[in-house]
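Report on the structure given below.
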Amino acid sequence: MKQILALFTLLYSSFCFGQEQYTLSGYVKDASNGETLIGSTVFIRELNGGSITNVYGFYSITLPPGDYNVEYRYVGFDTQTRPLSLTENVRMDIELQEENVELEAIVVSAEREDANVTSIEMSTAKLDIKSITKIPAFVGEVDIIKSIQLLPGVSTVGEGASGFNVRGGGVGQNLVLLDEAPVYQSSHLFGFFSVFNPDAVKDVKLYKGGIPSQYGGRLSSILDIRMKEGNSKEYDVSGGIGTVFSRLAVEGPINDKASFIVAGRRSYIDILARPFTDVLDDGAGLYFYDLTAKTNYNINEKNRVYLSGYFGRDVFKFDKRQGFDWGNRTGTLRWNHLFSDRFFSNFTAFYSNYDYAFAFGEDDRDKFRWTSKIITHDFKPEFTWFINGANELTFGGEAILYRFKPANAVSVSDGERTDISLEERKGFEGSLYVGSDHKISKKLTAQYGLRYSMFSYFGGTAYTYSDTIPGLRPEVTGAKKYDDWESIKTYHNLEPRVSLRYQLSPSSSIKASYNRMNQYIHLVSNTVAATPIDVWQPSTNNIKPQQGNQVALGYFRNFRSNLFETSIEVYHKWNKNQVDYIDGADLFINEFLEGQLLEGKGRAYGVEFYLKKTRGRFNGWMSYTLGKSELLVDGINFGRDVENRKGKWYPTRFDQRHNFKLTTNYQLTKNISLSGIFTFVSGTPTTFPTDRYVVQDYVIPMTDNRRNNFRVPDYHRLDFSVTVDNVWRGVPKKRSGKVRSGEDYLVLSVYNVYGRENPFAIYFAQGDERFLAGESVDTSASQVAILGTMVPSISYNFKF
């Protein structure tokens, strides 16, 4: 490691040559619970500049010797100013106190006041739990995934759809991380709730573009969710009782060096309904649960370790034999180590397991069961070198082992057992990266880097297919068996990243970015929306990795002393090796799935508008996105070119021309606040029949080769909530020699206030009546709305 440091010192000596330098470093924490504060500002008055803390709350600034006044700032906390006489390296850990907010000065923000203008980041959004709890949510429950869908460029295809879409990308093109471990299914109850317990979450950050080089593996976005470490000062118990589920979290110190947090949730619709219906008899169930836990140990000033895990599952049982279920399990072990005041490192190892199961059958003689899973093992070292006040270098690598078990399936018919399981597939993804944050001048800042990634598909049977006209099912021409760890196909790619910010004035800036991403695993689905039982498929000798490029340009401006934040961003994405499927594709337990898939080009472009009022009794934000997302795949949407079947551009299933969201909060009194959300989204594309045949009075719908040729009606919805703080004003109680009082609040909410029947899908059918020969057979279109009525709810939340 010393040799590596020496090498980088030579490379960057031009930045500090001939200058005596000392380093100020440390951690910034919340004084009430010891939690590190991500993104805190460390500001040097004399230099009119400074730094911010990283995702572990650490900062490092290298300065010439001298006398300075150092300000430590974080939104919602009192600013601390410390005089500093810098004659040697100084370690200064700071704890900030929450400020007493007057009614007129209520702040809704997770970043410093001018961060949107002065930060190098663009196409990025950060939310903290305090902001998220103010947003009206379905049945009054705080939800992280629903919250980010209120941001520009983020959408979903409708209620009952899992995951989210970013700038015209698919659900499977988002990398969702919980303490750095990937979560492959981010939703409970088919998208109505996220799998992340808000009581255990500290920080949420979404990258839509300008993605730093340390991230990779998906084309559209990175959602980085960081868990709390646990209160290191005193014990806390928090939770909530709601209409659909209840939750409970316990956190506190283990000793003076360690703390923990454990948080759990469980829905109870099945428990409440059981006395009133016999539908749930014979082992039927409808529920979900999750458990989140984390602990950390501060070994000394230079070393700290963290251990965290998530365990969650959804269960839908029609009876004790039939139904389906799915769930995530993750575990993360991290070690923070300071090699010096200017050299920070983190080593992460994690495990992730997503599995689902489907079963039906009335007895052991006639039954079917299918289980599937994707297992991920990962090791990731990361290093940050704080070279000087103008340069910060990040470099590291990642090694990921994937194990795909697409189907362990057994069918029993009249007592005869048939095993139709598919063999396990494996893949290895490796990467190396380097990135630099460089303050070129007072007005110009750059963030640039390069990521090298590779993927090797190995073990099992590799198939080859015949050449055929695009869109037609090919024939299998060969199969070769490889040893478990024998490489079948390897891919290599370079991913350049660059972001620029030019400060026009103290209140305005322009930003630009470019990034290339490669994705080596693919989510294959032919349903209206992504479902928990969609298929994950690795890149193989027949399926190439997806590659995406994106450029973005934005103008950022604040008004009235940062009271209003505004931004306009335009983006353009062009992708290759996008995966779609042939007409009539069979994706269910198909050994030859690769032959059902087609590859093509993708493009998405649009403009995003954002307006936010950051403080005051009335605050909130408005976002509007005008966008377009399309695919070009030979064999699909080829019109009259029946011979060559050359495709024409067609909209993706999640293409939405207009996406408007308005989020408002009003502090009526000190204890009562009102919140509202209005959503308007253009109808999403779908494929409708274009012709029909009638055979013996039965209508057979026919569709030409056009894909997504119609749109469902527009989606719009109004939500409203009332939050009442300090419902029970109990007498303060003594604990551990300290006077403590509980905190609680009641949320009354109405989802879909005016009962809009928003369409999720439209299907066609004919009636049951018989027709005479020669009479026209009537058919009708029916609209499916997941929620077509107003949904009132109440939830009670507490902390003591």
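Computed from label points 7 Å out along Cα-Cβ, the spacing between L472 and S411 is 2.8 nm. What the chain shows is 44 Å² of accessible area per residue, with the surface traced by a 1.4 Å probe over protein heavy atoms. Sorted on the mean count of surrounding Cβ atoms within 10 Å across their residues, most packed first, peptides 247-254, 463-470 read 247-254, 463-470.
Of the trypsin sites (Lys or Arg not before Pro) found in the stretch 481-587, those that fall in a DSSP loop while having at most 15 other beta-carbon atoms within 10 Å are R560. Bridgeable aspartates and glutamates around K126 (alpha carbons under 15 Å apart, same-chain partners fewer than 8 residues away excluded): E111, E113, D114, D143, D203, D224, E565. Taking the accessible area of the chain, probe 1.4 Å, and keeping the other protein chains in place, the carbon and sulfur fraction comes to 57%. Starting from the Cα of Q696, step 7 Å along the direction of its Cβ; do the same at K130; then give the gap between the two resulting points in nm. According to this spin-label approximation, the distance is 7.1 nm. For K146, a cut-off of 13 angstrom between C-alpha atoms picks up these aspartates and glutamates, skipping any fewer than 8 places away in its own chain: E159, D719. Which angle from 0 to 90°, rounded to the nearest 10, does the C-alpha axis of helix 2-11 make with the longest principal axis of the chain? In the chain, helix 2-11 runs at an angle near 80 degrees to the longest axis. Checking the Cα-Cα distances for K294/K573; K228/K573; K130/K439; K511/K646; K202/K257; K233/K443 against a 30 Å cut-off, the pairs over it are K294/K573; K228/K573; K130/K439; K511/K646; K233/K443. For the stretch 142-158, 3J(HN,Hα) computed residue by residue from phi via the Karplus equation (6.51, -1.76, 1.60; θ = phi - 60°) reads 4, 9, 6, 5, 4, 5, 6, 6, 8, 8, x, x, 10, 8, 9, 7, x Hz, glycine and proline entered as x. Only Cα pairs under 8 Å and 6+ residues apart enter the sum, and on that basis the relative contact order of the chain stands at 10 percent. Annotation note: chymotrypsin sites (Phe, Trp or Tyr not before Pro) in the stretch 669-733 located in DSSP loop regions with a Cβ neighbour count of at most 12 within 10 Å are W728. Normalised Debye scattering of the stretch 261-411 at q = 0.16, 0.19 Å⁻¹ gives log10 I(q)/I(0) of -0.98, -1.17, counting only Cα atoms as equal scatterers and leaving out solvent. With the convex hull constructed from alpha-carbon coordinates only, the stretch 444-499 shows a mean projected area of 6.6 nm² over all directions.
D by Stokes-Einstein for the stretch 19-96, Kirkwood Rh over Cα pairs, 25 °C, 0.890 mPa s: 196 µm²/s. The DSSP beta bridges internal to the stretch 19-96 are antiparallel in roughly 80% of cases. Extension gain, D270 to R321: 0.36 nm times the residue separation minus the Cα-Cα distance gives 16.7 nm. Full extension of the segment from N255 to A765, taken as 0.36 nm per residue of separation minus the current Cα-Cα distance, would add 177.0 nm. Estimated at 0.36 nm per residue, the fully extended path between E20 and T703 surpasses their Cα-Cα distance by 238.4 nm. Test of understanding: extend the Cα→C-beta vector of S507 to 7 Å, then name every residue of the stretch 411-446 with backbone N under 20 Å from that spot. Zone members listed by number: 443. State log₁₀ I(q)/I(0) for the stretch 115-223 at q = 0.11, 0.13, 0.20 Å⁻¹ as given by the Debye formula over alpha-carbon point scatterers of equal weight, solvent excluded. Computed log10 I(q)/I(0) values: -0.32, -0.46, -1.14.
The values are calculated or read from the model by the stated rules, or taken from the named source; none is laboratory data. Just so it is clear, the model here is predicted, and its values are computed rather than measured. Cβ coordinates were reconstructed from backbone atoms using ideal geometry, including for glycine residues, and neighbour counts include every protein chain displayed. Please note that ligands, DNA and RNA were not included when accessible areas were found on the heavy atoms of the full protein model with its side chains. Shrake-Rupley method; radii C 1.70, N 1.55, O 1.52, S 1.80 Å.
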